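Student: I have a structure I would like to understand better, so I am pasting it below and will then ask my questions one at a time.
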Amino acid sequence: MNIVLLGPPMTGKGTQAEFISKHFKLVHLSTGDMFRDLANEQDSLGLKAKEYWSKGNLVPDELTIELFKKELKKDKYKNGFVLDGFPRTLNQAKELKKIAKINHVINIVSTDESIIKRTILRKTCSNCKKIYGLNIQPKKKDICDICGGKLMQRVDDNEETIRHRLKVYRENTNPIEEFYAQEKILINIDGDQLPEEVFDDVRNSLE
Ligand code: AMP
């Protein structure tokens with residue numbers, strides 16, 4: 001089973017992707033993580049991509065699609081995957097359709113104001129990428145419960161950047177929702193609930 005997760009930044013997409021990946025034994029591919037990892041590795045295309053994402057702009061399609069296709073070719077995705085952050089443009093959705101069959105698209109729906117509130121509280125483990133925030137606090141301040149890694153705030157997690165990212169998201173993603181609605185694989189889920197409640201809805205709709 002191959003799944004696409006849609007939803008504005010900060011709707012808990014990453015958390016739901018972790019839940020889905022564990023429950024349905026699917027490999028989680030986050031293009032945001034992919035970009036951050038490539039930039040950390042000083043990869044030349046990864047550094048080029050950082051010029052865009054660090055300002056809250058989408059990485060251009062040409063560059064994104066090249067890096068994404070290279071990643072998805074890896075063997076680990078053969079038995080099913082959950083995509084988190086891809087596609088983000090209609091063009092990407094069309095390219096994806098050419099290389100993989102998508103069974104379901106989970107669309108997490110939320111309002112801008114609740115998204116902005118959550119953004120300011122989000123931290124991610126610099127080592128294992130576990131996400132903490134409003135509903136999941138670490139036992140020790142700024143230390144990951146799972147691996148002991150240091151929790152970091154992302155450079156693009158501030159109010160000004162999130163407002164811009166939301167605008168960018170709405171402009172680009174509405175056509176993707178329509179695309180998948182027409183394919184009859186779009187499932188809308190209320191994102192303004194606790195993460196476990198959101199996942200209950202996701203699981204019920206997939207099973
Ligand atoms: P995320 O971790 O999903 O919020 O992604 C962080 C940033 O990476 C986004 O704000 C974009 O700038 C960039 N990004 C991630 N996925 C894509 C994509 N599919 N297309 C273009 N840019 C992307």
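The values are calculated or read from the model by the stated rules, or taken from the named source; none is laboratory data. Only a predicted model underlies this, so the values are computations on that prediction, with no experimental measurement involved. With ideal geometry, Cβ positions are generated from the backbone for all residues, glycine too; neighbour counts draw on all protein chains shown. Accessible surface is based on the protein model in full, side chains and every heavy atom, while ligands, DNA and RNA are left aside. Shrake-Rupley method; radii C 1.70, N 1.55, O 1.52, S 1.80 Å.
Student: Given the conditions (1) modelled with pLDDT of 95 or more; (2) open to solvent by less than 50 Å² (accessible area, probe 1.4 Å); (3) within 20 Å of Arg88 (Cα to Cα), which single one is not true for Asn188?
Tutor: Of (1) modelled with pLDDT of 95 or more; (2) open to solvent by less than 50 Å² (accessible area, probe 1.4 Å); (3) within 20 Å of Arg88 (Cα to Cα), only one is false for Asn188: (2).
Student: Further question: If you scan the range 72-84, which residues turn out to be touching a residue at least 12 places away in the same chain (Cβ under 8 Å), part of a helix (DSSP H, G or I) and either open to solvent by 40 Å² or more (accessible area, probe 1.4 Å) or among the basic types (Lys, Arg) (or both)?
Tutor: The one that is touching a residue at least 12 places away in the same chain (Cβ under 8 Å), part of a helix (DSSP H, G or I) and either open to solvent by 40 Å² or more (accessible area, probe 1.4 Å) or among the basic types (Lys, Arg) (or both): Lys76.
Residues are listed down the side, and each one gets a yes or a no for (1) open to solvent by less than 60 Å² (accessible area, probe 1.4 Å); (2) touching a Leu at 6+ places or on another chain (Cβ under 7 Å); (3) closer than 26 Å to Glu41 by Cβ:
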position	(1), (2), (3)
Leu134	no, yes, no
Glu159	no, no, no
Arg165	yes, no, yes
Glu178	no, no, no
Pro195	yes, no, no
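Student: If you go through the range 152-167 one residue at a time, how many are near the ligand (Cβ under 10 Å from one of its atoms), assigned to a helix (DSSP H, G or I) and over 13 Å from Ile115 (Cβ atoms)?
Tutor: Of the residues in the range 152-167, 0 are near the ligand (Cβ under 10 Å from one of its atoms), assigned to a helix (DSSP H, G or I) and over 13 Å from Ile115 (Cβ atoms).
Student: Here is a further query. Search the range 40-59 for residues that are within 17 Å of Glu71 (Cα to Cα) and pair each with any residue that is within 14 Å of the ligand (Cβ to nearest atom) and among the small types (Gly, Ala, Ser) when their beta-carbon atoms are under 9 Å apart and the residues are at least 6 apart or on different chains.
Tutor: Short answer, once both residue conditions are applied: Asn40/Gly46; Asp43/Ala49; Gly46/Ala39; Leu47/Ala39; Ala49/Ala39; Val59/Ala49.
Student: Hand me the list of helices (runs of 4 or more DSSP H) wholly inside the range 7-71 holding 2 or more residues that are more than 12 Å from the ligand (Cβ to nearest atom) and open to solvent by 30 Å² or more (accessible area, probe 1.4 Å).
Tutor: 13-24, 44-53
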